[in-house]
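**Q** Quick one: the structure is below, and I'll ask about it shortly.
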Amino acid sequence: MRSLLLLIATAAIAAEPVPLPPGNQMLDDYFARQVAELEGAPLAVPRSAEEWEKTRLVWRAELVEMLGLSPMPERTPLSAVKTGEFAGDGFVVEKLHFQSRPGLYVTANFYRPAKPVGRLPAILYGCGHSDMKAKDGTSLGNKAGYEHHGVWYARHGYGCLVLDTVQLGEIRGEHHGTYSKGRWWWFSRGYTPAGAEAWAGIRALDYLAARDDVDMERIGIAGRSGGGAYAWWIAALDDRVKVAVPTAGITTLRNHVVDGAVEGHCDCMFMVNTHRWDYDKVAALVAPRPLLIANTDKDEIFPLDGVLAVHASVRRIYRALGAGGKLGLQIAESPHKDTQALNTGEFAWFERWLKGADPMATFDEAAKKSVEPENLRVFSILPIDERNTRIDETFVKAAPPAQVPANPEQWATMRDGWMRALRREVFAGWPKMPCDLGLREAGTEERDGVTIRAWDFTPQEPWTLRLYVAQRTGEVAGVILSVLDEQSGPMPDADMLRRVRETGVAFAWFAPRGIGPTAWSGTEKKQTQRLRRFYLLGQTLHGMRAWDIRRAVTALRAIGFDKPLLALEAGHAMAGNALYAALFEDGIAALTLHEPPSTHARGPIFLNVLKHLDMPQAVAMAAARCRVNVVTSDKAPWKFADDTAVALGRREAFSIIAPTK
């Protein structure tokens, strides 16, 4: 009996859930709060078509910016080339390529009826992530996985241009920069492959417009999964799209961030969310054109509740514009899969809105795969001038190297422009109104003649961080705030205590969110997906740590260090966070940066920052406000900061110090 009771008790204990570490709980709570904040205000319903047009143009400009397309790229020659064609049962397939930018090749197939009548209504079709390869292992493009859609349209009197993507086209580029490749600098560059795919679609419309067999007044756009996302971007940006049917290409920010759908998506699904949108805003940009939102009911990466929420939100705008009948919803039974039930709804929608067909019309033919995939290959030899494989390095222009200012007036113009960009595009995810610090003393300890006090404070709900202050009795000459990172040793050490006793300078230290007491546990893959969640919220982890540093400075002043000189010190990427915090906090007397990265390409990662400035320019701005010491053995990257300090007559404000061994 005793053994049985022990077995039952052991089983009961094993069944109890293991509590998450505090950092994990805070992080989950944080994401939920941030999503609730962004989804709290529903889309404003326009009072007139004129009001909607003004709103739509503002939103479109923001989306253009968030896709890395601002300013809109030059429409360079498409240099379209047809490399061949072949005939099927009732259709002809043209194999072609064009260049959306010089060297950025888009491979495609154009399907047309074997016996066309007049100018054709045409469908621009975006492909999902279908990895089609020839027997020798070369890529056939994901267009080969969606040929059945092109065949159906051609056999029913349409032209259909089926596009390859950057990642899975015949020339393989990359969509997985942050998903699995560690290319976090994409965030700092303001790059997303969604922008490259959107631009390919816009140029595809240019290609269709140049054909004499396409009716540009009857253009539809469709696509599934990744292709559904591209259909959203293109329809939102280009009014030449008259009818849209994006399939399994959109859901809510809540689904992505709180429910974890982001973990099933590569970077091509997301804009750089500078302006902190939820995804119903993207969908709204199609209004009042005919729009069918299509999805399956068991799709785990585009969950049904999110799809329904997007539809309900956009329906309010369609109804306000008197276009409620132009918005449709097609839900089919299936997991995330291309199904005939979805296709039938898509086909019927285009027949209705591009041909004026009876909504009750039925089809006697399903979309069936019938084309040998290798027949769809465009290139026999890949072009040597292709830029597809490295387009992430050039698609969004980085800021050119800054020139040393000739005078204080020129410097003021440079500085003010950078600060405006930082507020608008880099740190827009910082709270508009800081929360109450909730400052509270957490303990006191005496050690070797030094008093160490601990204080808890809240930089942003729900985070609770601990700030330590070590000082000797009597008047304090100043305070140095040290920002800890993953490489910091235990604090306080004997050297710090000695300096406090001998100099009268107080030392403070704290660890921003995600470090030390608030660190979160999990695999490297889990950490990757957490960092991507920040990005979807229009933030980065580094950017929010810079906010924590700002609030720690405020906490120090609230404790009583409002008059003594205040200095900041930090190392590595955290040095960059402290640097930017100092740009937004008055009264910082000195800044010591230990081995800071010389470029944001290596950290810290902030949204869009490389479109405007890099670390040396930020250091120069700081040196115009306070004394800056850069502790490094490599002086070369900091020449701009040094030269600028000289030009502004502040040579003494900037120093490069060799690290001690």
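**Q** Between segment 205-226 and segment 580-635, what's the alpha-carbon centroid distance in Å?
**A** Cα centroid to Cα centroid, the span is 47 Å.
**Q** Tally up the carbon and sulfur contribution to the accessible surface of the chain as a whole percent, 1.4 Å probe, everything protein left in place.
**A** Using a 1.4 Å probe with all protein chains present, the chain comes out at 53 percent carbon and sulfur.
**Q** Then there's this: So what is the 222 nm mean residue ellipticity for the chain from helices alone, if each DSSP H run of at least 4 adds -39500 (n - 2.57) and you divide by all residues, rounding to the nearest 500 deg cm²/dmol?
**A** Computed mean residue ellipticity for the chain: -10500 deg cm²/dmol.
**Q** Something else now. Per residue, how many Å² of accessible area does segment 271-315 show with a 1.4 Å probe?
**A** 25
**Q** Still on this structure, I have one more. Assuming R0 = 56 Å, what is the FRET efficiency of ASP212 and ARG651, from their Cβ-Cβ distance, to the nearest 0.05?
**A** 0.25
**Q** Using 30 Å as the Cα-Cα cut-off, could you pick out the over-long pairs in LYS115/LYS242; LYS133/LYS181; LYS181/LYS432; LYS563/LYS611; LYS135/LYS369; LYS298/LYS369?
**A** LYS181/LYS432; LYS563/LYS611
**Q** Could you check what % of the DSSP bridge pairs in the chain are antiparallel, to the nearest 5?
**A** 45
**Q** Here is a further query. Along segment 527-539, what does the Karplus equation 6.51 cos²θ - 1.76 cosθ + 1.60 (θ = phi - 60°) give for ³J(HN,Hα), rounded to whole Hz, x for Gly and Pro?
**A** 4, 4, 5, 5, 4, 5, 5, 4, 4, 5, 8, x, 9
**Q** Let a ≥ b ≥ c be the square roots of the eigenvalues of the Cα gyration tensor of segment 298-345; is it rounded (a/c under 1.5), or, if not, prolate (a/b larger than b/c) or oblate?
**A** oblate
**Q** In whole Å, what is the distance between the alpha-carbon centres of segment 66-100 and segment 474-537?
**A** Spelled out, the Cα-based centre of one part sits 53 Å from the other.
**Q** Under 19 Å from a point 7 Å along the Cα-to-Cβ line of SER180: which residues of segment 236-277 have their amide N that close?
**A** Residues passing the 19 Å test: 261-270.
**Q** What residues have an amide H closer than 5 Å to that of SER100, excluding those fewer than 5 places away on the same chain, when H is modeled at 1.01 Å from N in the peptide plane?
**A** Here the answer is VAL106, since their amide H atoms fall under 5 Å of that of SER100.
**Q** Sort the following peptides by mean Cβ neighbour count (other Cβ atoms within 10 Å, averaged over residues), highest first: 160-173, 589-602, 360-373, 519-532.
**A** Most protected by this proxy first, the peptides run 160-173, 589-602, 519-532, 360-373.
**Q** Still on this structure: What distance in nm separates the simple spin-label points at ARG276 and ARG420, each placed 7 Å from Cα in the Cβ direction?
**A** Roughly 2.1 nm, to one decimal.
**Q** Could you give me the ³J(HN,Hα) list for segment 550-556, computed from phi with Karplus coefficients 6.51, -1.76, 1.60 and θ = phi - 60°, whole Hz, x at Gly and Pro?
**A** Values per residue, Gly and Pro as x: 4, 6, 5, 4, 4, 5, 4 Hz.
**Q** ALA442's amide H: which non-local residues (gap 5+, or another chain) put their own amide H closer than 5 Å, with H modeled 1.01 Å from N in plane and none for Pro or chain starts?
**A** ALA454, TRP455, ASP456
**Q** Could you give the length gained on full extension between ARG447 and GLU263, defined as 0.36 nm per residue of separation minus the Cα-Cα distance, in nm?
**A** This chain segment gains 61.5 nm when fully extended.
**Q** Output the relative contact order of segment 122-245, whole-number percent, from Cα pairs under 8 angstrom with separation of 6+ residues.
**A** 31
**Q** How large is ³J(HN,Hα), in whole Hz, for each residue of segment 439-451 in order, when computed from phi with the Karplus curve 6.51 cos²θ - 1.76 cosθ + 1.60 and θ = phi - 60°, using x for Gly and Pro?
**A** Going residue by residue, I get 4, 8, 6, 10, x, 9, 9, 9, 8, 6, x, 10, 8 Hz, with x marking Gly and Pro.
**Q** Could you list the residues of segment 296-339 with an amide nitrogen less than 20 Å from a label point located 7 Å from the Cα of GLU51 in the Cα-to-C-beta direction?
**A** Hits in segment 296-339 for GLU51 at 20 Å: 313-325.
The values are calculated or read from the model by the stated rules, or taken from the named source; none is laboratory data. Just so it is clear, the model here is predicted, and its values are computed rather than measured. FYI the Cβ positions are ideal-geometry reconstructions off the backbone, even for glycines, and counts take in every protein chain you see. All accessible areas refer to the heavy atoms of the entire protein, side chains included, with ligands and DNA or RNA removed. Shrake-Rupley method; radii C 1.70, N 1.55, O 1.52, S 1.80 Å.
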